[in-house]
1. Would the chain count as rounded, prolate or oblate if I go by the C-alpha gyration tensor, calling it rounded below 1.5 in a/c and otherwise prolate when a/b exceeds b/c, oblate otherwise?
2. So which trypsin sites (Lys or Arg not before Pro) in the stretch 1-59 end up in coil per DSSP with only 12 or fewer other C-beta atoms within 10 Å?
3. Can you give me the accessible area per residue for the chain, using a 1.4 Å probe, in Å²?
4. Counting only protein heavy atoms and a 1.4 Å probe, tell me what percentage of the chain's accessible area is made up of carbon and sulfur.
5. With each pseudo-label sitting 7 Å past Cα toward Cβ, what's the Glu60-Thr3 distance in nm, one decimal?
6. Of all the Cα-Cα pairs you can form in the stretch 98-138, what percent are over 15 Å apart?
7. Return one number: the angle in degrees, 0 to 90 and rounded to the nearest 10, between the long axis of the Cα atoms of helix 17-28 and the longest principal axis of the Cα atoms of the chain.
8. Lys and Arg at +1, Asp and Glu at -1: add these up for the other residues within a Cβ distance under 11 Å of Gly132 and post the number.
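The values are calculated or read from the model by the stated rules, or taken from the named source; none is laboratory data. Because the structure is a prediction, the values reported are computed rather than measured. Cβ placement follows ideal geometry from the backbone for every residue including glycine, while neighbour counts extend to all protein chains displayed. Please note that ligands, DNA and RNA were not included when accessible areas were found on the heavy atoms of the full protein model with its side chains. Shrake-Rupley method; radii C 1.70, N 1.55, O 1.52, S 1.80 Å.
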Amino acid sequence: MATNLVYSHAALACSDPLATERFYAAHFGFRRARVIPLGQEQIVFLKLGHVYLELFRARERRPLAPPVEDGPWFPGVRHLAFQVDDVDAQLAAMGTDAVITQGPMSFDAFIPGWRTVWVKDPDGSIVEISQGYVDEANPPPR
């Protein structure tokens with residue numbers, strides 16, 4: 001493993017980067033960390049703690065139908081995920097921006113108190129919102 005390896009960012013191609021920025025800022029607390037001007041375009045870095053989202057304006061149309069439920073099953077990113085204290089309170093605070101694609105669902109059979117819902121961001125990408133997830137004390141080895 002590389003030394004000093006640190007997570008950097010997830011890059012999102014957005015049909016409307018400003019709408020995407022507003023969504024992640026309003027509902028998940030992201031704030032602008034940097035704007036890089038590129039002529040008529042710009043790249044915007046949003047930051048939440050140690051997590052960054054890099055927003056680009058999409059240059060092409062989505063080649064497939066938007067994902068549904070908890071995200072696509074082909075190779076690639078299925079969804080972004082966030083932990084909150086209360087899924088229902090988060091959905092209420094999001095109001096009409098909470099376009100639910102699946103759930104809320106309870107996963108008490110795995111972890112007592114674990115609940116999850118999946119919503120769409122402005123581009124139709126899936127965002128998971130969970131409460132109650134905890135790591136396993138002693139996960140089995142590979």
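1. It comes out prolate by the Cα gyration axes.
2. Hits after loop and neighbour filter: Arg59.
3. Solvent-accessible surface per residue comes out at 69 Å².
4. Taking all protein chains in place, the chain shows 56 percent carbon and sulfur surface.
5. Distance between label points: 4.0 nm.
6. Numbers: 375 of 820 pairs.
The proportion of pairs with Cα distances above 15 Å equals 46 percent.
7. Roughly 30 degrees, rounded to the nearest 10.
8. Value of the local net charge: -2.
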